[in-house]
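A.B. asks: Could you have a look at this structure, given as structure tokens, before my questions?
Throughout, read-outs are computed from the coordinates displayed, never taken from laboratory work. Quick caveat, the model's predicted, so the values are computed rather than measured. Here the Cβ positions follow ideal geometry from the backbone for every residue, glycine too, while neighbour counts run over all protein chains shown.
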Amino acid sequence: MEFAHTAKVKDLQQRVTAFMDAHVYPNEATFHDEVETNRRAGNPWVPTKIMEELKEKARAAGLWNLFLPESSLGAGLTNLEYAPLCEIMGRSEIAPEAFNCSAPDTGNMEVLARYGSPAQQERWLKPLLAGEIRSAFAMTEPAVASSDATNISASIVRQGDEYVINGRKWWTSGAPDPRCKILIFMGKTDPNNASLHSQQSMVLVPMDTPGVTMVRPLSVFGYDHAPHGHGEVDFDNVRVPVSNILLGEGRGFEIAQGRLGPGRIHHCMRLIGLAERALELMCQRALKRVAFHRPVSDQGVTRERIAEARIMIDQARLLTLNAAWMMDTVGNKIAQQQIAMIKVIAPNMACQVIDWAIQVHGGGGISDDFPLAAAYAGARTLRLADGPDEVHRNQIAKYELGKYL
């Protein structure tokens, strides 16, 4: 693969970086202050004014929907071209949404662009692309080990011209957000099918459908990530038209593979940017703080960790770029091993680098005076989200062993 970025990508890198410097970093505190003001008023689940302002500015700057490959609806970038831009966005918790490039909307938009009918795209994809609404992906269930997706037990039963949906989901990112208008729901339409991977289907469920209940928002190490967050959602005899099915009955796993491949690589790109920022903060803190009569940066253990962090970040970046290049050139299916590899290495790398940065910051590192505690919570979550480390390692080993069978 060619590692040098094209002139188009270099220009976008400069523009995204300039936007981050001018608008995103200076408004991180503004965003969190607004959420806390809403929290004290009794409802943190209120969209912030500052985010809507940032979205307007990003759209006006032509930095909008950069993520969507193989589609005339996006910016016309490949996965490899988008990777360095996604990395820059990953440096800030609020940046991806500002560019309309945040999960789970990116994955849901790709699903609708690839598999949605014209009517589904008109009803849901257009307002998502415009940043007018948000969405959620309802797959994981509290009652079963959802790392094995064949365990998913929620039911989708056809009755005439409708599907009747029953089940409970959790870690449904975006569900508590009042802007969330549509869910992509995965459940079983054919639980007795001999093929475990043909039992599941995906269906579109408007959030305001009778029987859909937001049970509670969930927190991650105490962070509720308002006003977006993650929710536990109950589905009690929810009825939607048969036309809301995506691609057809029994195609749920096929859609999941098409969705989760790009989603996983986006997570890894953002984690690399997050780790880069943690390393910057670590170096700045180490140079300014004095312990035992010399700067912390002069301590051998600190230098060793800084060096190791640089090595680990660059390793993860090169593996991620390789996976992106393979997705573009040979397709997501053939690139499955490479996608699994980066999904293991990137979150583990980020957790370690952020942990070292916290250590250099001392007590400040575990407070909210610095972004490191929240960054660690996010990075640690991604060792579980979109498949835990153990599942991906098992898959990597299967591919490797398959070479010798």
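A.B. asks: Compute the distance in nm between two label points, each set 7 Å from the Cα along the Cα-to-Cβ direction, one at Gln284 and one at Asp236.
C.D. replies: About 5.0 nm separates the two model spin labels.
A.B. asks: Within the chain, what is the longest stretch that has no chymotrypsin sites (Phe, Trp or Tyr not before Pro) placed in a DSSP loop and near at most 15 other beta-carbon atoms within 10 Å? Mind dumping the intermediate values first?
C.D. replies: On the way: sites that count: Phe3, Phe221, Phe292, Tyr404.
Answer from the scan: 4-220.
A.B. asks: Can you tell me what share of the DSSP beta bridges in the chain is antiparallel? A percent to the nearest 5 is fine.
C.D. replies: 85 percent
A.B. asks: Cα-Cα pairs above 17 Å in the stretch 306-384: how many percent?
C.D. replies: I get 53 percent for the Cα pairs in the stretch 306-384 exceeding 17 Å.
A.B. asks: So how many Å³ per residue does the convex hull of the Cα atoms of the stretch 7-101 work out to?
C.D. replies: For the stretch 7-101, the hull spanned by Cα atoms encloses 89 Å³ per residue.
A.B. asks: If you don't mind, there's one more thing I want to ask. Using every alpha carbon pair in the stretch 134-246, what percent of pairs falls into each 10 Å bin from 0 up to the bin containing the largest distance?
C.D. replies: 16, 47, 30, 7, 0
A.B. asks: Further question: Provide, as a two-decimal number, the C-alpha radius of gyration of the stretch 253-402 over 2.2 N^0.38 Å, N being how many residues it has. Mind showing how you got there, number by number?
C.D. replies: Details: Rg = 17.3 Å, N = 150, 2.2 N^0.38 = 14.8 Å.
Cα Rg divided by the expected 2.2 N^0.38 Å: 1.17.
A.B. asks: Tell me the angle of helix 7-19 to the major Cα principal axis of the chain, expressed in degrees between 0 and 90 and rounded to the nearest ten.
C.D. replies: Helix 7-19 sits roughly 80 degrees off the main axis of the chain.
A.B. asks: If neighbour count is taken as other Cβ atoms inside 10 Å, put Ile94, Ile272, Ile165 in order from fewest to most.
C.D. replies: Ordered from fewest to most neighbouring Cβ atoms within 10 Å, Ile94, Ile272, Ile165 come out as Ile94, Ile165, Ile272.
A.B. asks: Tell me, Kirkwood radius of the chain from alpha-carbon pair distances, in Å? Write down the numbers at each step before the final one.
C.D. replies: Details: mean 1/r = 0.0453 Å⁻¹.
After inverting the pairwise mean of 1/r, the radius is 22.1 Å.
A.B. asks: Determine the alpha carbon to alpha carbon distance for each of Lys8/Lys57; Lys49/Lys343; Lys333/Lys403 and list only those over 23 Å.
C.D. replies: With Cα atoms farther than 23 Å apart: Lys49/Lys343.
A.B. asks: Only four residue types carry charge here, +1 at the Cβ of Lys and Arg and -1 at the Cβ of Asp and Glu. Report the dipole size of the stretch 134-246 about the Cα centre in Debye, rounded to the nearest 20.
C.D. replies: 140 debye
A.B. asks: Under 8 Å for C-alpha pairs, at least 6 residues apart: give me the relative contact order for the chain, rounded to a whole percent.
C.D. replies: 14 percent
A.B. asks: Is there a quick way to get the dipole size of the chain? I mean about its Cα centre, with the Cβ of Lys and Arg at +1 and of Asp and Glu at -1; what is the value in debye to the nearest 20?
C.D. replies: Roughly 440 debye, rounded to the nearest 20.
A.B. asks: Suppose every Lys and Arg Cβ carries +1 and every Asp and Glu Cβ carries -1, with no other charges. What dipole size does the stretch 1-117 come out with about its Cα centre, to the nearest 20 debye?
C.D. replies: 160 debye
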